[in-house]
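**Q** Dropping a structure here in structure tokens format, bear with me for questions.
Please treat every number below as a calculation from the coordinates, not as lab data. Remember, it's a predicted structure, so these values are computed and weren't measured experimentally. Heads up, the Cβs are rebuilt from the backbone with ideal geometry, glycines too, and the neighbour counts pull from every protein chain shown.
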Amino acid sequence: MPTQAQTGPGYDSELLALAKLLDTQGLEARPGDTLRSFLLQHIDPDIDGVRAERLLALHYRYRFARDGLSPAEREELREGSNANVSRYEGL
């Protein structure tokens, strides 16, 4: 998981906040886990129509693609990630 010292494209992705929340709830990543493998082990594949695979695809494009995301895609990533955070906060 990124630390506060890490900056750059994608480090402000709300999907990382979900991973951090799960980690604080005792669901630690195993050695070698990617963000994708960690989240797919621990979250529902679809919450209120928000597909985990879609959020992961958006996150990785936001993080690594030269062109990043369109404003609509960035909002989709934000809203979908926040919906998942809300789902898992009370567990």
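**Q** R0 = 25 Å: FRET efficiency of Asp44 with Ala17, Cβ-based, nearest 0.05?
**A** Step by step, r from the Cβ atoms, then E = 0.90.
**Q** Further question on the same structure: List Asp67, Asp46 from most exposed to least, where exposure is judged by having the fewest other Cβ atoms within 10 Å.
**A** Placing the least packed residue first, the sequence is Asp67, Asp46.
**Q** For the residue pair Thr7 and Asn82, what label-to-label distance in nm results when each label sits 7 Å from Cα along the Cα-to-beta-carbon direction?
**A** 2.4
**Q** Going through the chain, which chymotrypsin sites (Phe, Trp or Tyr not before Pro) have at most 14 other Cβ atoms within 10 Å and a DSSP loop state?
**A** Passing sites in the chain are Tyr11.
**Q** So which trypsin sites (Lys or Arg not before Pro) in the chain are both in a DSSP loop and have at most 14 other Cβ atoms within 10 Å of their Cβ?
**A** Arg66
**Q** Which value at 222 nm does the chain reach when only helices count, each DSSP H run of 4 or more adding -39,500 (n - 2.57), with the total divided by all residues and rounded to the nearest 500 deg cm²/dmol?
**A** Here the helix-only value at 222 nm equals -17500 deg cm²/dmol.
**Q** Give me D for the chain in µm² s⁻¹, whole number, from Stokes-Einstein with Rh from the Kirkwood sum over alpha-carbon pairs, 10 °C and 1.306 mPa s.
**A** It diffuses with D of about 119 µm²/s by this estimate.
**Q** Taking a point 7 angstrom from the Cα of Glu89 along the C-beta vector, which residues in the range 18-42 have backbone N less than 13 Å away?
**A** Counting only backbone N, you get 18, 21.
**Q** Under 5 Å between amide hydrogens, which residues at least 5 positions from Ile47 or on another chain qualify, with H placed 1.01 Å from N in the peptide plane?
**A** Ala52
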